[in-house]
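Inspection log for the structure reproduced underneath, given as structure tokens.
The values are calculated or read from the model by the stated rules, or taken from the named source; none is laboratory data. Being a predicted model, the structure only gives us computed values, none of them experimental. Virtual Cβ from ideal backbone geometry, glycine too; neighbours counted across all protein chains shown. Heads up: the accessible areas ignore ligands, DNA and RNA and are worked out on the full protein's heavy atoms, side chains in. Shrake-Rupley method; radii C 1.70, N 1.55, O 1.52, S 1.80 Å.
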Amino acid sequence: FHANVAALRKVGEWLEFLKEECVYDNTRIIIVGDHGNSIKTPAFKDFSSNKEVFSSYHPLLLVKDFGTSDAFSTDTQFMTTADVPSMAIRNLPVSTINPFTNKDLFSVIDKKFMNVYSSSFEPNDNKGTTFSFDYSASFSVHDSVFVEKNWTPINPK
């Protein structure tokens, strides 16, 4: 808790600095976490089970676009950290072609459902480049993550 609060306070100070330097309004800012944490959160308080497990799949994602100086708002559309590259280049004069795959960044986005897997963060628990998944905490999710029926356990068989 203390580390999260301290980090967010520093982000606030940085945003204030950008405003003081008159560059805040003309800056796209994206702050994204790579994972959530198994904590009790109001987002899943009414779920019947797996409340803390689902929280670990709900990372921080803050976006402030160019020319935006409005108050904060919440967008509950289905997003993943994989959306960040497309958010970063949206409406900019840059190529959307991946130079390694030659595929258009926007052509490979398919979020009908997403599989989210749990595994140990300890390198010794995994085998080189092969991860061992904890299927009791792995799910397929679609549409809103805030609706319990949209989460389905993954059956490894």
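Values for this structure:
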| item | result |
| --- | --- |
| Size of charge dipole - the chain - debye, nearest 20, with Cβ of Lys, Arg +1 and Asp, Glu -1, no other charges | 380 debye |
| Positive-end residue of 56, 129, 77, charge dipole of the chain with Cβ unit charges | 129 |
| 0 to 90° range, to nearest 10: angle between helix 2-20 axis and the chain longest Cα axis | 20 degrees |
| Solvent-accessible area per residue for segment 92-157 (1.4 angstrom probe, square angstrom) | 77 Å² |
| Listed residues 28, 90 arranged by accessible area, highest first, probe 1.4 Å | 90, 28 |
| Which listed pairs, of 103/157; 51/157; 112/149, have C-alpha distances above 21 Å, in listed order | 103/157; 51/157 |
| Size of charge dipole - segment 81-142 - debye, nearest 20, with Cβ of Lys, Arg +1 and Asp, Glu -1, no other charges | 240 debye |
| Hull-based mean projected area of the chain, where the convex hull spans the alpha carbons, in square nanometres | 12.6 nm² |
| Unsatisfied cross-links (Cα-Cα over 20 Å) in the set 19/64; 45/111; 40/64 | 45/111; 40/64 |
